[in-house]
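The values are calculated or read from the model by the stated rules, or taken from the named source; none is laboratory data. Because the structure is a prediction, the values reported are computed rather than measured. Cβ: placed from backbone, ideal geometry, glycine included. Neighbour counts: every protein chain shown.
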Amino acid sequence: MSVLTPARTSGRTASAQENFSAWANRHRKWLFAAPAMIFVGVLIIFPLAWTLYLSLTDSQGSVRAASDFVGLENYLTVLTDTERFWPAVGRTLSFTFVALACEIILGMGIALLLWRPFRGEKWVRVAILLPLVATPVAVGMMWRLIFDPNIGFANQVLGLVGIPPQPWLSGQDSALPTTIFMDVWQWTPMVVLILLAGLTSLSDEPDEAARMDGASAVQRFFYVTLPLMMPTVIVAILLRGIDALKTFDILYATKGKGGGSFHEVETLNVYAYGLSFDYNQYGLSSAVLILFFMIIIGSMWLLTMRKKAVSK
């Protein structure tokens, strides 16, 4: 018996190794991707969990200072703040919807112009993509100089045609539209790229059939091209909408702390930043960020449901 025991043990070990090898071979795509998925998951889950924890405490002053658990008190404080929080929500949604609508409309128009080959199209495409080369902070500083009320190029041009200087970034009513214009100027090329890729993947047969039936260019666009492009349009809305909701760098570069003297461009991102780094109210800031995260997730969920309905 003592002679047979090692052989049986060796047989069981070999069988276990073979079973593991077979299992690993069947699930190799998950095993190869697992390290990266775990790493990315930790990067996402840990900051979110830590922010959620801070939102339930009265953490302030210093991140090393002792803090007490206060439950939902920070959320109640934020949700009842009608002077800063709710106006910031309105500005965030206004900024996102207006900028996104302008970028989709302009992006579709430019993509349609670039859809068919023409002389010099390569140079035109390069020129259109130039705004994407600069960083948002550099773009914000550039437009801040252009819209400067005293030495800015924009008011100098208006003066040539007899129009008085405008308070582009200093006016309470003009600051937000001006920053929306900056965002549209920089990010419309990204929408053009997405929509142009969708247009080039379309078959010519539906458009040619509509042309043979006597449909005009406008009719072919609204009844043939646009319905076929809707999945691509919704993808562009998803990608650009998430970015527009999170916009911070252009706003901070042009208006600084608090989104201006009267908080005229203070979105939720700028508001949360001020609570954290100007007032050291980490608990309140974390509550704002969690609520902001819920707004983003809700908006993207609605758009995803819309995309699935369009795909069907």
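Taking the criterion of being over 24 Å from Asp249 (Cα atoms) and either among the aliphatic types (A, V, I, L, M) or not assigned by TED's automatic domain parsing to the domain that holds Leu100 (or both), the residues of the range 126-177 that qualify are Val126, Val157, Leu158, Leu160, Val161, Ile163.
Helices (runs of 4 or more DSSP H) wholly in the range 146-227 with at least 1 residues that are of a type in the set (Ser, Thr, Tyr) - which ones? Full working, then the answer.
Numbers: elements: 153-160, 175-200, 205-212, 217-220.
By residue number, 175-200.
You will find that of Pro131, Pro177, Pro136, the residue that is touching an Asp or Glu at 6+ places or on another chain (Cβ under 8 Å), under 25 Å from Leu239 (Cα atoms) and not basic (Lys, Arg) is Pro136 and no other. Restricting attention to the range 84-120, the residues that are within 14 Å of Val270 (Cα to Cα), in contact (Cβ under 8 Å) with a residue 40 or more places away in the chain and either touching a strand residue (DSSP E or B) at 6+ places or on another chain (Cβ under 8 Å) or among the aromatic types (Phe, Trp, Tyr) (or both) add up to 2. Filtering the range 195-219 to residues that are modelled with pLDDT of 90 or more and in contact with a Lys or Arg (Cβ under 9 Å, 6 or more places away or on another chain) leaves only Leu196.
If only one of Trp123, Trp143, Trp168 is surrounded by fewer than 19 Cβ atoms within 10 Å (Cβ to Cβ), aromatic (Phe, Trp, Tyr) and either within 22 Å of Leu106 (Cβ to Cβ) or in contact (Cβ under 8 Å) with a residue 60 or more places away in the chain (or both), which one is it? I'd like the intermediate steps shown before the answer.
Numbers: Trp143 fails: surrounded by fewer than 19 Cβ atoms within 10 Å (Cβ to Cβ); Trp168 fails: surrounded by fewer than 19 Cβ atoms within 10 Å (Cβ to Cβ).
Exactly one of Trp123, Trp143, Trp168 is surrounded by fewer than 19 Cβ atoms within 10 Å (Cβ to Cβ), aromatic (Phe, Trp, Tyr) and either within 22 Å of Leu106 (Cβ to Cβ) or in contact (Cβ under 8 Å) with a residue 60 or more places away in the chain (or both), namely Trp123.
Cβ-Cβ contacts under 8 Å between residues 6 or more apart (or on different chains), taken from a first residue in the range 219-233 that is in contact (Cβ under 8 Å) with a residue 40 or more places away in the chain and in the same structural domain as Glu205 (by TED's automatic domain parsing) to a second residue that is surrounded by fewer than 18 Cβ atoms within 10 Å (Cβ to Cβ) and among the hydroxyl-bearing types (Ser, Thr, Tyr), are listed as Pro231/Ser311.
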